[in-house]
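Take a look at the structure set out below.
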Amino acid sequence: QVQLVESGGGLVQPGGSLRLSCAASGRIRAIYAMGWYRQAPGKQRELVATITSGGSTNYADSVKGRFTISRDNAKNTLYLQMNSLKPEDTAVYYCNADILGRATMRREDYWGQGTQVTVSS
């Protein structure tokens, strides 16, 4: 009923930039907090950044000053602008959202399928 689809990943050189997008679709009544997480090979999934429905943001220390999270509530879309990328940013990036379903009238936690970001020369 509700789906999150990420796009925008790829291969980039150190110091480069990428912009990730996450589009929410389906029978949605409301979207509350949204966020980006990442998981590198052999490591646990970690928080990258979150944003509330009102626009308040929170970032992991490792990405502060380099990444910017934003959202377009009219389009139900989340973004992550990643600048000054480093090899240690290499991971699968996942979109997460707290969504009130129109059909269920329940708030549930949804995840996208992930998009690969590789930073390498």
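The values are calculated or read from the model by the stated rules, or taken from the named source; none is laboratory data. Please read all numbers here as calculations on a predicted model, not as lab measurements. Note: ideal-geometry Cβ built from the backbone for every residue, glycine included; neighbour counts use all protein chains shown. Only protein heavy atoms, including side chains, enter the accessible area calculation; ligands, DNA and RNA are left aside. Shrake-Rupley method; radii C 1.70, N 1.55, O 1.52, S 1.80 Å.
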Subject >> Residues that are open to solvent by less than 40 Å² (accessible area, probe 1.4 Å), among the polar types (S, T, N, Q) and over 12 Å from the mean Cα position of the chain (by Cα), drawn from segment 65-95 >> reply: Thr90
**OP:** Determine if segment 41-64 includes at least one residue that is touching a Lys or Arg at 6+ places or on another chain (Cβ under 7 Å), open to solvent by 30 Å² or more (accessible area, probe 1.4 Å), modelled with pLDDT of 95 or more and of a type in the set (Asp, Glu).
**Re:** yes
Original post:
Inside segment 4-121, counting only strands (runs of 3 or more DSSP E) that do not spill past its ends, which hold 3 or more residues that are on the phi < 0 side of the Ramachandran plot and without any contact (Cβ under 8 Å) to a residue 60 or more places away in the chain?
Top reply: 18-26, 46-51, 57-59, 67-72
Subject >> Residues that are more than 24 Å from Gly42 (Cα to Cα) and of a type in the set (Lys, Arg), drawn from segment 67-118 >> reply: Arg71, Lys75, Arg102, Arg106, Arg107
